[in-house]
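Below is one structure, written out as structure tokens, with a few remarks after it.
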Amino acid sequence: MGVVPEVRPPDSPIVDDVAVIETDRLTKRFPSVTALDDLTIDVGTGVTGLVGSNGAGKSTLIKILLGLQPATSGGARVLGMDVTTHGSQIRGRVGYMPEHDCLPPDVTATEHVVHMARISGLAPTSARERAADTLRHVGLYEERYRPIGGYSTGMKQRVKLAQALAHDPQLVLLDEPTNGLDPAGRDDMLDLISRIGSDFGISVLVTSHLLGELERVSDHVVVLDGGRLLRSQATREFTRKTQVLSVEVTDTDDRRGDEVLAAALAADGLVIRHDGRLLHIDIADDETYDLIRDRVVGLGLGLVRLQQQRHHMAELFRPDGGEPDGGDQG
Amino acid sequence: MEVTRADLSKETLDKPTGNTSRPDSRGRGESGVIHDIGYRHFTGERLGRGYITRSLYVSSLRGVFGLGRSGKSKLLPLLLSAAMLLPALVIVAIISITNLTEQPLAYSQYAVALQGIVAIFVAAQSPQLVSHDLRFRTITLYFARPLERVDYVFAKYAALASALLLLIGVPLLVLYLGGMLAGLPFGRQTAEFGGGLIGAVILSLLLAGLGLVFAALTPRRGFAVAIVIVVLLVSYGAVNIVSAVAYEEGNLELAGWIYLFSPVTLYDGAQTFLLNTPSGLIQQPPGTLGGIVFCLFAVFCVIGAFGILLTRYRRMAAA
């Protein structure tokens, strides 16, 4: 019996004063490309988003943090341990969810997670208990007794997350966990990540090429570009600038719908920008959605689109620091 | 999806009561019903490399025989194991109804006589052990844990070698026990059986190394199966033909040396020199030098295979 049940309140994570991840002038050069360039970051507890376009160096950074690849120069510490000398100890206390498929199709989720827990050093009984616990936490119930080969992408992502949590790590590294998921699955995964950071008390480093989805769940966001640190700041600062709804409405018989709506919403105190027939409206709070809906109905317009914007990295390159505009995709 | 949300809100609501299975340190949690115990941290012991390697070894050994996998993957190893065992049972039956005073087929020659079955087993089951992890990229999950590359290679190598030892050793045990019951001389039988087992260890190590090296080269299972079959069966046939021709031509040196180049004949030559067991080779490796070279080459092959696997996985883990 290895598991001693314990409930830790969300406000007392395991690591309090030690930085979870520190890198010091970390550089990784491959023969043809520099993946990480003089990167110095400091990641604390909670959920940290690591944002960058493909090839920005996110996966390379994770491999170095796990002690699987040597850095060309500079250093890194995870949970206070040096990656070059304490790789094995780090891997014992860190969970990793790869970006790519990594599940054998012919075993059940339970068998797989139990096995992975044992490979992390948990005794057989503990491994079985932890596997049952984590699979339940990621939302897999009866399905876990079926071979993984028959799972949907969303279920596979949950199993990948479960195996990363199986040994109760202090930190999980999640590489593009929302990849390939539909919008509902994406939301579920983001909710889960948020819970891992708050309810489970496990620090999270989660990567994505979409800033929009990470700012929802992250306490802190680190932005990489071409292996260099572009920005590192608390999410609040990003959020203020990027929570935007795109709205498109039909016209009435005699007037342009977007103009009527814009006038009405401006009277309600919302900040609105025109982009052709699209309106971009800053989200003030949760009431904003209802307000827009009510105004559209009240004016007798048809609602064609009401969409939360996801902002691409490109916006961060703009000198004004990412003020959203209509040119970017929604 | 609904289940998750419901579960989530329930947990959030119930969290203040904490886990009721032991007294709550904050003095709030003595309620009788556990609605949802929320996330529990693991505070038990985390075991070290030895345990981890052993866990991988056991699951891999089970995997070779298809245990813990689908019914389909049990079929072939089961059939091959039965095919290995059947001749032993027939021989035991023959011994018990006749008045033989020794085994009609020497322990040391059992695996040589049935080398076709052993070869198919190695070819079919080594990809099961390693190509599988490469193809589905499960290998990434292993190396992201406190499992060193050398431990992984060691566990896989030991698992396949153990499986082969079971495949070859169990029929030998049946022969031995059957012989004892039929009243064959105890001392001599025990010595020969012991020699046969030592030989089986040598053969298992040789074949496991060869099978794993080729299987680890490619994530494609069919390809790996084909290569291993070709290397084992073709080399065995070719070596025997060359040796027979050389023997007929009177070139006894060549007839003996050529056996170096196929795993099963290499094993036969080495065990004959080491244990003085009956040999199936037309011509023995020439003299003491030949014997030593055969033994050293066998050791070299095992170490070499381990080294190649280690190099292969060192690259894998970094990729």
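The values are calculated or read from the model by the stated rules, or taken from the named source; none is laboratory data. It should be emphasised that the depicted structure is a prediction, and the values quoted were computed from it without experimental measurement. Note that we place each Cβ from the backbone using ideal geometry, even for glycine, and neighbour counts take in every protein chain shown. Please note that ligands, DNA and RNA were not included when accessible areas were found on the heavy atoms of the full protein model with its side chains. Shrake-Rupley method; radii C 1.70, N 1.55, O 1.52, S 1.80 Å.
List of remarks:
- Span from the the range A:269-300 Cα centroid across to the the range B:133-187 one, whole angstrom: 68 Å
- Going from the chain on its own to the full set of protein chains, the range A:113-142 has these residues losing 50 Å² or more of accessible surface (heavy atoms, 1.4 Å probe, no ligands, DNA or RNA): A:HIS115, A:MET116, A:ARG118, A:ILE119, A:GLY121, A:ARG136, A:HIS137, A:TYR141.
- In chain B, helical runs assigned H by DSSP with n ≥ 4 each contribute -39500 (n - 2.57); averaged across all residues and rounded to the nearest 500, the mean residue ellipticity at 222 nm is -24000 deg cm²/dmol.
- The C-alpha atoms of chain A define a longest principal axis, and helix A:153-165 lies at about 50 degrees to it.
- Only helices enter this figure: runs of n ≥ 4 DSSP H residues, each worth -39500 (n - 2.57), summed and divided by the residues of chain A, yield -9500 deg cm²/dmol at 222 nm to the nearest 500.
- Protein accessible area in chain A, 1.4 Å probe - carbon and sulfur %: 48 percent
- In degrees, nearest ten, helix B:49-64 long axis to first principal axis of chain B (Cα): 60 degrees
- The protein assembly as shown shape via C-alpha gyration tensor axes, a/c threshold 1.5: prolate
- Cross-link pairs B:LYS72/B:LYS156; A:LYS63/A:LYS160; A:LYS28/A:LYS160 - those with Cα-Cα distance over 24 Å: A:LYS28/A:LYS160
- Remark: chain A carries 40 Å² of accessible area per residue (probe radius 1.4 Å; ligands, DNA and RNA excluded).
- Solvent-accessible area assigned to carbon and sulfur over chain B amounts to 69 percent, based on a 1.4 Å probe.
- Rounded if a/c under 1.5, otherwise prolate or oblate - the range B:199-300, Cα gyration tensor axes: oblate
- Cα radius of gyration and Dmax for chain B (Å): 26.2, 94
- Rounded to the nearest 5, the antiparallel percentage of DSSP beta bridges internal to chain A is 65%.
- Shape class for chain A: prolate, because the ratio a/c of the largest to smallest gyration tensor axis (alpha-carbon atoms, square roots of eigenvalues) is 1.5 or more and a/b beats b/c.
- Between chain B and chain A, roughly 5100 Å² of accessible surface gets buried, counting both sides and using a 1.4 Å probe.
- Helix B:186-217 and the long axis of chain B differ in direction by around 60°, with both axes built from C-alpha atoms.
- Heavy-atom accessible area per residue - the range B:49-318, 1.4 Å, Å²: 43 Å²
- DSSP-defined antiparallel bridges as percent of all bridges, the protein assembly as shown, nearest 5: 65 percent
- Between amide H atoms placed 1.01 Å from N, distances below 5 Å from A:THR72 occur with A:THR27, A:LYS28, A:ARG29, all of them 5 or more places distant or on a separate chain.
- Along the axis of the charge dipole computed for chain B (Cβ charges of +1 for Lys and Arg, -1 for Asp and Glu, origin at the Cα centre), the listed residues B:ALA182, B:PHE42, B:ILE117 are led at the positive end by B:PHE42.
- Using θ = phi - 60° in the Karplus curve 6.51 cos²θ - 1.76 cosθ + 1.60, the 3J(HN,Hα) couplings for the range A:124-133 round to x, 5, 4, 4, 5, 5, 5, 4, 4, 4 Hz; x is entered for Gly and Pro.
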